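In what follows, a single structure is set out as structure tokens and then discussed.
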Amino acid sequence: MCVDSPLPHLDRPFDYLVPHNAAGTALPGTRVRVRFAGQLVDGFVLERTAETEHEGRLHFLERAVSAEPVLTPQVARLAREIADRYAGTLSDVLRLAVPPRHARAETAPPATAPELDAPAVPPDGWARYTAGAALLRALAGGRMPRAVWTAMPGEDWPARLAEAAATALLAGRGALIVVADARDLDRLDAALLRVLGGPGHHVALSAALGPAERYKRFLAASRGTAGIVIGTRAAAFAPVAALGLVAIWDDGDDLHSEPRAPYPHARQVLLARAEQEGCAAIVGGFGRTAEAQQLVETGWAIEVGAARDELRRRMPRVLTVGEHERARDPQAAAARLPSVAWRAARDALAGGAPVLIQVPRRGYLPAVACADCYTPARCAHCSGPLALPAADGVPSCRWCGRPAAGHACPECGGRRLRAAVVGARRTAEELARAFPGTVVRTSGRDEVLSSVPREPALVVSTPGAEPVADGGYGAILLLDAWAFLTRADLRGTEEALRRWFAAASLARAAAPVVVVADGGLPAVQALLRFDPAWLAARELADRRELGFPPAVRIAALTGPAAAVAELLSLAELPPGAEVLGPVPAAEGQERMLVRTARSAGKALALSLKAAAGARSVRKSADPVRIQIDPLNLL
């Protein structure tokens with residue numbers, strides 16, 4: 001059985017004797033309680049055998065918690081592979097895969113699956129894509145196609161994924177779809193209800209559900225009542241009977257990366273399931289990541305996208321405006337809008353359509369500087385950046401929260417502040433003055449709108465919070481592009497284009513999309529042509545040349561300097577591994593990188609895990625965080 005222990009040197013199965021009174025309940029996949037190192041701990045039964053290879057004395061398990069087999073052999077095998085790939089322990093992965101037990105939900109009468117009387121899925125939606133109809137036919141035939149799907153602008157992507165899942169279900173196979181957040185999950189849930197003709201055939205899993213409801217839905221999947229499971233990142237481990245399709249939407253969203261050890265990415269979990277269980281896979285989005293491009297270039301997946309003629313008919317009209325170009329119209333200048341952007345918004349409002357304005361930063365003035373010498377304003381206590389919460393508010397530190405009403409510039413002594421970065425609320429305030437009488441809505445962290453009606457309005461949104469407009473937006477303005485393009489991040493360009501495509505895809509056909517950026521930049525060029533594959537191929541080629549993921553495997557080791565050095569001294573790194581660093585991390589910590597070829601990635605993870613186990617045996621005090629291919633390298 002697998003014992004719930006965080007210690008890496010104890011990451012292996014342990015044998016226990018099963019008493020007669022638990023023989024009928026302590027079955028593979030069930031939860032048990034065992035005595036381990038003098039304490040009662042939880043565990044999962046992995047296998048029942050008549051003999052043991054252990055030569056010492058065996059203990060009896062204390063009790064069987066439940067007879068419900070919540071850990072299927074397929075998920076147990078997947079969890080073992082993910083633990084080895086990410087230098088983690090099986091118990092850590094199972095903690096992500098299996099939700100906590102809820103006794104009342106477990107003992108409730110199980111629901112019965114309704115008869116599936118949904119009609120055959122029409123191929124019209126997928127037929128607009130090259131190889132799209134063939135993908136649907138392969139799913140209907142029970143085969144295992146693998147595709148990287150680039151959705152067209154304005155595409156009803158939840159409907160397309162629902163059609164693919166329904167096709168697999170009609171062929172007698174299950175489906176699993178992972179999305180980034182609750183908004184996307186709600187849209188996909190509604191699409192499945194339409195395609196399948198009603199509830200009962202699928203369940204939606206997310207961390208926002210209460211313990212009882214989440215466990216109830218998990219049981220519906222594990223018992224085979226629901227043939228389709230949709231959810232956020234943890235749903236990638238959900239037990240689905242006869243799995244025929246796994247899919248992920250917008251795999252570049254950082255919400256797909258698990259923040260808890262061993263930090264797996266939902267995309268990799270689904271790809272591993274596709275390999276292990278021999279099922280189809282779809283990696284979809286309006287943009288494309290370098291990881292998805294690598295799947296295409298290595299031949300693991302085929303490319304599914306729109307033909308250029310079809311794309312031209314559906315794409316918006318992208319206009320570029322340099323950051324240095326100033327507005328000539330007084331109203332446009334008051335709103336910090338170039339004249340082209342101001343006219344596009346004015347014409348769309350006159351035509352009765354809403355206008356979307358994407359602003360990279362939330363808040364009012366998230367960064368301020370001295371009005372005299374332009375020195376960034378910093379907190380006197382922790383050196384964090386000062387922000388202004390409102391026009392009449394007191395500047396405060398974004399790190400420690402201390403107010404700084406008496407701030408004086410350390411360079412010139414000036415006390416006046418100016419905006420260094422403008423947030424969404426300040427932008428909305430300026431637009432309200434520039435377009436008097438027009439409704440201004442904001443969508444961001446405090447309140448995320450799911451949709452807006454078909455009426456004249458200005459919608460100011462931060463990236464990822466853009467609401468869907470009924471009939472599409474009449475114009476879209478992408479402001480402060482420099483905030484994306486100047487990020488010191490390996491994925492900065494890729495992330496900028498992903499955010500822009502997500503917003504631009506909400507526009508009506510031929511509607512103007514104005515991006516305030518130099519038209520010669522690669523990301524802007526890809527937006528002009530609506531060609532994310534071109535930029536993804538360029539990014540992947542650059543990373544191969546520079547030796548960055550996904551072209552190589554990299555492990556990031558973060559902790560106190562002595563602890564990191566001890567871990568590296570104990571690790572038997574694979575041949576050719578390159579150690580880079582150290583660089584400062586958090587206070588009192590440093591970061592080291594270990595780089596190796598992709599073929600040696602698993603060996604690297606296992607060597608670091610063994611070294612962590614050796615430190616655990618020594619009872620070394622300071623922990624070291626091990627992350628394989630982290631999203632943030634710089």
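Taking the Cα-to-Cβ direction at Arg143 and at Gln74 and moving 7 Å from each Cα, how far apart do the two end points lie in nm? Between Arg143 and Gln74, the label points sit 2.1 nm apart.
If you plug the beta carbon distance of Leu606 and Arg416 into 1/(1 + (r/R0)^6) with R0 = 60 Å, you get a FRET efficiency near 0.55.
Relative to the longest principal axis of the chain, what angle (0 to 90°, nearest 10) does the C-alpha long axis of helix 561-570 take? Roughly 50 degrees, rounded to the nearest 10. At full extension, Leu633 and Asp156 could sit 168.3 nm farther apart than now, given 0.36 nm per residue minus the alpha carbon distance.
Annotation: per residue accessible area for the chain equals 44 Å², rounded to a whole number [probe 1.4 Å, protein chains only].
Modelled this way, with points 7 Å down the Cα-to-C-beta line, the labels at Ala131 and Trp534 are 2.0 nm from one another.
Where both bridge residues fall in the chain, DSSP classifies roughly 45% of the beta bridges as antiparallel. Of the GluC sites (Glu not before Pro) found in segment 557-634, those in coil by DSSP whose Cβ has at most 13 other Cβ atoms within 10 Å are Glu572, Glu587.
On the beta carbon distance between Leu116 and Val468, with R0 = 30 Å, the FRET formula returns roughly 0.55.
Straight-line cross-link partners of Lys619 among the aspartates and glutamates, defined as a Cα under 17 Å from its Cα and at least 8 positions apart when in the same chain: Asp11, Glu566.
Between Asp254 and Ala510, the modelled labels are 4.0 nm apart [label points 7 Å from Cα along Cα→Cβ]. Remark: the Cα gyration tensor places segment 402-445 in the prolate category, a/c being 1.5 or greater and a/b exceeding b/c. Phi angles across segment 150-161 convert, under the Karplus curve 6.51 cos²θ - 1.76 cosθ + 1.60 with θ = phi - 60°, into 3J(HN,Hα) values of 9, 6, 6, x, x, 5, 7, 5, x, 5, 5, 5 Hz, Gly and Pro given as x.
Backbone phi angles across segment 140-149, fed through the Karplus curve with coefficients 6.51, -1.76 and 1.60 (θ = phi - 60°), yield HN-Hα couplings of 5, x, x, 8, 10, x, 10, 9, 10, 9 Hz in residue order; Gly and Pro are listed as x. Under the combined filter of DSSP loop state and at most 12 neighbouring Cβ atoms within 10 Å, segment 1-104 retains these trypsin sites (Lys or Arg not before Pro): Arg48, Arg57. To the nearest ten degrees, helix 601-618 and the longest principal axis of the Cα atoms of the chain are 70 degrees apart. Please identify every one of the trypsin sites (Lys or Arg not before Pro) in segment 210-303 that sits in a loop by DSSP and has no more than 16 other beta carbons within 10 Å of its own beta carbon. When the trypsin sites (Lys or Arg not before Pro) of segment 210-303 are filtered for loop state and at most 16 Cβ neighbours within 10 Å, Arg223, Arg260 remain.
The values are calculated or read from the model by the stated rules, or taken from the named source; none is laboratory data. Remember, predicted model here, so these are calculated numbers, not experimental data. Virtual Cβ from ideal backbone geometry, glycine too; neighbours counted across all protein chains shown. Ligands, DNA and RNA are excluded from the accessible area calculation, which covers all protein heavy atoms including side chains. Shrake-Rupley method; radii C 1.70, N 1.55, O 1.52, S 1.80 Å.
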